[in-house]
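Working notes for the structure below.
The values are calculated or read from the model by the stated rules, or taken from the named source; none is laboratory data. Predicted model only: the values in this text are computed from it and were never measured. Every residue, glycine as well, gets a Cβ built from its backbone with ideal geometry; the counts of neighbours run over all protein chains shown.
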């Protein structure tokens, strides 16, 4: 077996040193009846060429790939161009095959890159401190609610915008399901604008309010009035939490921190990670310094080594499970470090101007698609300002999508499965990967279905 | 950079005693910036945000991203490549870490995950255009079930701790379904910190079981702790001392008799391939770390994947989405599962890691996997024997794929376990894992991919 270096001679010599005759003698203490049943009923090992052939075969059966269709899919996972240098960085074995950076001398590369990641996330979100990463945006949103509860343990009411992605709402529900003392309520969205209605929060603005969670932009691509939501929540003594699945928007939109949000989380997949059928991406998590000790996950800090040189290491680890055990702020251990590195390399390349320009290009193309669809007789479902995705109304989404597919276009995601009240709506996402010609094809393929 | 400065004061400098020269340090990327430099060019040669700001309205837009980097592409690449040179990696060095398997990560696996059919597949694509991906997922589920002796597998959890949370939430859901209110989970004193942390997150109270002085869990101790409030025992096997729990079947029987479940933490699954199946031991739930046993790269702390596997009676509680085969043979996702603990994350799982693990399982085959555990156990026994004189084992029990070594250097010479770790680093090894509950001990594992002697 090519991954195992031991020759028969090696094994013989090692057994002799150990003082046993056969390999299975080393297993003598494992109950015989368990060993008797332990054979693995899988085919024998294969050569690299055989493995590659089987996987190429499976990959070829996925027909919804770039090039085969003009894709307008989004909904929490976004199609963006990834500069080649990002892959060049994350494919370095020194990064990819390294362990969690518990041992600072052996991981200055990882720790410094994470420190830079944390700093960029803090800059983008307009908050003071960001952690080393979470699994994804949805689980980060759930952890944000738990963090809010550690800050205000006596408050119990969790208000979640109905316009927050369904997967995020579901993950929050799962994380809270086993814990007592939480009361989950859903804040409706305005059926005309598609934005969370700030006045719907009024009944909850009291000393029982723990937090309000809204998407920014939300599940319909609409840019929430974050400032108008955060201010009364804070006034009532609660925590305003924003969740962002399309972080490119933060390159152009006002930052959550600037708008009064206390915890900003999200999904970083847009920053240099392929679609990969939904994972791995990377969750990000930013908050205010005053609450840093209640944050979940790892944090890298800057320090000095014994020679006075700048160095980086995990810090404030007493919050974490490997030290605090059942009183830890979270159980998260392995996070998404290599994805955070991809995001760091991506954001470094995009830079101060590039990120803003790319965000602007997404806004322009999406508006162009909206206009072009309107000309084809298909209207936008909501009037609210949107970033790079928007809902359209059609008579029969399943039929419309099938027709577009037949014309080589994946026109969007039907919203009716998660929102019965939007059974006539499709979410259309437009990024820089969509050419003006593709937008034409989109409009042509949907013409007449409105 | 207010962030950086504020964290500085909290960090213990004394823990970093390295041998770097100042010339080895790399400037922060922000310090390499100059206004006007760029690492990407706008397609079509120019871009401005003016039109977008007009569309959105200036009041929605930020003026700038203060402090963001401005560097050229070659600068960016050099920055990160120089950082990479300050890292250890399994591909370059031996990590004799206990409690976490650091085995070889085959490059083919990365190449397979990057195939356009997998890498550029959108998770919301119509399932009839993504059948290859779903097929890979059900095949991996079946392979993991065959390896572990369990009945059903969910690939949704993103990491081991995420799998633990899923497993414990299933314990709770099962409890509720039976109308129970059991609040306690028993955990051995040697357990990794994620176990008790996951219990808290799942709303359980932790009861600590004392290990026998020889390093394993006794059925008698479990029987003593068991009561009608006990929902489950959560135990790693082989345990953190590298010892196969000799009384595990008796413990499982005792738990089941009292209506409690056995949760087996599969962090040390690399010792069990073709040796003993958790399902045969009586486990009701296990989670598996694909980034340990199934060769997906650790990535400097993730991404990994932590599939959770159960016996048939717990299948209805697995997280959503599930994958089901329709009558016509096509696969689809199913989320309408009334007893499920629900969703743990967005979309379906860390699919890129699933491709890698499946690629590894195909390469190894049933026979190769069984060899892997036997050789890992051989390596550990060999290390233990060779070091026995200076670093005797903490337990006289036979060990599996890892062992805990002790020393008396501190009392004799003042040399601590930390000093030994630094010495290992100086010789080009990653240090062993240091004990989180006893001084003068270090965990050592040596996966099957490490040769016994360099040649």
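Which residues, counting only those in region A:107-131, are within 25 Å of residue A:170 (Cβ to Cβ) and assigned to a loop (DSSP other than H, G, I, E, B)?
Passing the criteria: only A:131.
Residue check: is residue A:74 in a loop (DSSP other than H, G, I, E, B) and more than 7 Å from chain B (Cβ to nearest Cβ)?
It is true that residue A:74 is in a loop (DSSP other than H, G, I, E, B) and more than 7 Å from chain B (Cβ to nearest Cβ).
Given the condition more than 20 Å from the chain's Cα centre (by Cα), in a helix (DSSP H, G or I) and more than 7 Å from chain A (Cβ to nearest Cβ), answer yes or no: does some residue in region B:112-126 qualify?
There is no residue in region B:112-126 that is more than 20 Å from the chain's Cα centre (by Cα), in a helix (DSSP H, G or I) and more than 7 Å from chain A (Cβ to nearest Cβ).
For the structure I just gave you, tell me whether residue A:53 is within 24 Å of residue B:367 (Cβ to Cβ) and in a helix (DSSP H, G or I).
yes
Quick one: which of B:354, B:378 is in contact with a helix residue (DSSP H, G or I) (Cβ under 9 Å, 6 or more places away or on another chain), within 7 Å of chain A (Cβ to nearest Cβ), surrounded by 20 or more Cβ atoms within 10 Å (Cβ to Cβ) and modelled with pLDDT of 95 or more?
B:378
Could you check, for region A:326-340, whether at least one of its residues is more than 20 Å from the chain's Cα centre (by Cα), closer than 20 Å to residue B:304 by Cβ and within 8 Å of chain B (Cβ to nearest Cβ)?
yes
On the basis of being more than 7 Å from chain A (Cβ to nearest Cβ) and modelled with pLDDT of 90 or more, does residue B:338 make the cut?
Answer is yes for this residue.
Could you tell me whether region A:307-323 includes any residue that is in contact with a helix residue (DSSP H, G or I) (Cβ under 6 Å, 6 or more places away or on another chain), surrounded by 24 or more Cβ atoms within 10 Å (Cβ to Cβ) and in a strand (DSSP E or B)?
Yes, region A:307-323 contains a residue that is in contact with a helix residue (DSSP H, G or I) (Cβ under 6 Å, 6 or more places away or on another chain), surrounded by 24 or more Cβ atoms within 10 Å (Cβ to Cβ) and in a strand (DSSP E or B).
Could you check region A:1-33 and list, in sequence order, the residues that are outside any loop (DSSP other than H, G, I, E, B) and more than 7 Å from chain B (Cβ to nearest Cβ)?
A:8, A:9, A:12, A:13, A:15, A:16, A:24, A:25, A:32, A:33
Can you name the residue in region A:360-372 that is in contact (Cβ under 8 Å) with a residue 60 or more places away in the chain and within 7 Å of another protein chain (Cβ to nearest Cβ) and, of all such residues, is farthest from residue A:86 (Cα to Cα)?
Here the answer is A:363.
Here are some residues: B:143, B:158, B:173, B:197. Which one is assigned to a helix (DSSP H, G or I), surrounded by 24 or more Cβ atoms within 10 Å (Cβ to Cβ) and in contact with a helix residue (DSSP H, G or I) (Cβ under 8 Å, 6 or more places away or on another chain)?
Answer to the selection: B:197.
Filter region A:278-300 for residues that are in contact (Cβ under 8 Å) with a residue 12 or more places away in the chain and part of a helix (DSSP H, G or I) and give the result.
A:278, A:289, A:291, A:292, A:293, A:294, listed by residue number.
Give me a count of the residues in region B:66-96 that are surrounded by 15 or more Cβ atoms within 10 Å (Cβ to Cβ) and farther than 27 Å from residue A:252 by Cβ.
Counting residues in region B:66-96 that are surrounded by 15 or more Cβ atoms within 10 Å (Cβ to Cβ) and farther than 27 Å from residue A:252 by Cβ gives 14.
Could you please find all residues in region B:94-109 being more than 18 Å from the chain's Cα centre (by Cα) and farther than 13 Å from residue B:446 by Cβ?
Result: B:107, B:108.
I'd like to check which strands (runs of 3 or more DSSP E) are fully inside region A:142-248 and have at least 1 residues that are away from every other protein chain (no Cβ under 14 Å), crowded, with 24+ Cβ neighbours inside 10 Å and in contact (Cβ under 8 Å) with a residue 40 or more places away in the chain.
Because the criterion is at least 1 residues that are away from every other protein chain (no Cβ under 14 Å), crowded, with 24+ Cβ neighbours inside 10 Å and in contact (Cβ under 8 Å) with a residue 40 or more places away in the chain, the strands (runs of 3 or more DSSP E) in region A:142-248 that meet it are A:157-161, A:209-215, A:239-244.
From B:47, B:63, grab the single residue that is facing another protein chain (nearest Cβ under 7 Å), surrounded by fewer than 24 Cβ atoms within 10 Å (Cβ to Cβ) and at pLDDT below 95.
Sole residue among the options that is facing another protein chain (nearest Cβ under 7 Å), surrounded by fewer than 24 Cβ atoms within 10 Å (Cβ to Cβ) and at pLDDT below 95: B:47.
Out of the residues in region B:315-331 that are surrounded by 14 or more Cβ atoms within 10 Å (Cβ to Cβ) and in contact with a strand residue (DSSP E or B) (Cβ under 6 Å, 6 or more places away or on another chain), which is nearest to residue B:277 (Cα to Cα)?
Among those residues, the one meeting the criterion is B:315.
Among the residues of region B:171-209, which ones are more than 10 Å from every other protein chain (Cβ to nearest Cβ) and either closer than 26 Å to residue B:403 by Cβ or out of contact with any strand residue (DSSP E or B) (no Cβ under 6 Å at 6 or more places or on another chain) (or both)?
Those that are more than 10 Å from every other protein chain (Cβ to nearest Cβ) and either closer than 26 Å to residue B:403 by Cβ or out of contact with any strand residue (DSSP E or B) (no Cβ under 6 Å at 6 or more places or on another chain) (or both): B:174, B:177, B:178, B:179, B:180, B:181, B:186, B:188, B:189, B:190, B:209.
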